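Derivation of every value follows stated rules applied to the coordinates shown; laboratory data play no part. All values derive from a computational prediction rather than experimental measurement. Cβ sites come from the backbone with ideal geometry, for glycine too, and all protein chains shown count toward neighbours.
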Amino acid sequence: MIPISAVFGLGLFMFCVGVFGVLFRKNLVIMLMSLELLLNGVNIILAGVSRHLGSPRGSVFAIFVIVMAVSEAAVGFALVLSYFRKRKAYDADGLSELRG
Amino acid sequence: MITLAIFVFFGVLAAAGAVLVVVQKNAMHSVLYLALTVLATAGVFFTLQAEYLGAVQILVYGGGIVVLYIFVIIIVNLKEVLPEKRKLFPRLVLIALPALLGAEIILVVVRTRFAPPAGHERGLDLASLAEMLLKTYLVPFEIASVLLLAVLVGAIIIARRKSLHDPD
């Protein structure tokens, strides 16, 4: 029997690593990958809670999170591609032309 | 007992892979570690009796998203390593922020008394999952399909070469 706190620990660790990657890295592609890590951590917690409560509701929510992650990856990559075509760059520092 | 051992194995793999994704300098190495993390997460789902989630994780993440990442890195030609220099103070803040967040959440989780596990596991099979997804959550399910259609059209329009108003 897996203790629920171990599941929470693993999910939170992956979430925090993802937050660190989004904040710290400047490479846009690696930032998007860290977003995937973040959502994966949430999914682990949802699956664990689903098993803990004996109800499939957590798994249903995790499926919706996966749908969201896929859409975010697709749109994010479209934006990275169009930014790369315009600027020939892929670091987040260049994305500051709307600064007032 | 053996389930716990398998859970710890896949959990350690997933955690180590996650750290390696973030600290790699080369984006292609990051993608390969992301694939490792995603597959290990699928193993974690299997040990948590969420077989459908594990299968979807392997299909969608391992087969779809990782390949998409690899294609984009090849198109963008992410060969040279970006210099990521920061001053000391922002660097410390950006390291401390997720660490503090994690410490706080772990404190809260440790202090919480979780209810004992429900015990009955008949609610975890595929049939009840499908019933809940297609009965209770039918409207969000349909909205999710509309979202996917919008993303399909939007991603094509954003990523195409010419703008819509360009006559050629």
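Computed quantities for the displayed model
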item: √(5λ) per eigenvalue of the Cα gyration tensor, the stretch B:1-106, largest first, Å; result: 28, 22, 10
item: Pairs of lysines in chain B (C-alpha under 26 Å apart; 8 or more residues apart or interchain); result: 5
item: Helical mean residue ellipticity (222 nm; -39500 (n - 2.57) per DSSP H run of 4+; nearest 500) of the protein assembly as shown; result: -24000 deg cm²/dmol
item: Cubic angstrom per residue, convex hull over Cα atoms of the stretch A:1-62; result: 62
item: Most to least packed among B:18-24, B:42-48 [average Cβ atoms within 10 Å]; result: B:42-48, B:18-24
item: Degrees separating the helix A:28-53 axis from the principal Cα axis of chain A, which is the longest one; result: 10
item: Percent RCO, i.e. relative contact order, over the stretch B:1-127, from Cα pairs under 8 Å lying at least 6 residues apart; result: 21
item: Alpha-carbon Rg/Rh ratio, for the protein assembly as shown, with Rh computed the Kirkwood way; result: 1.00
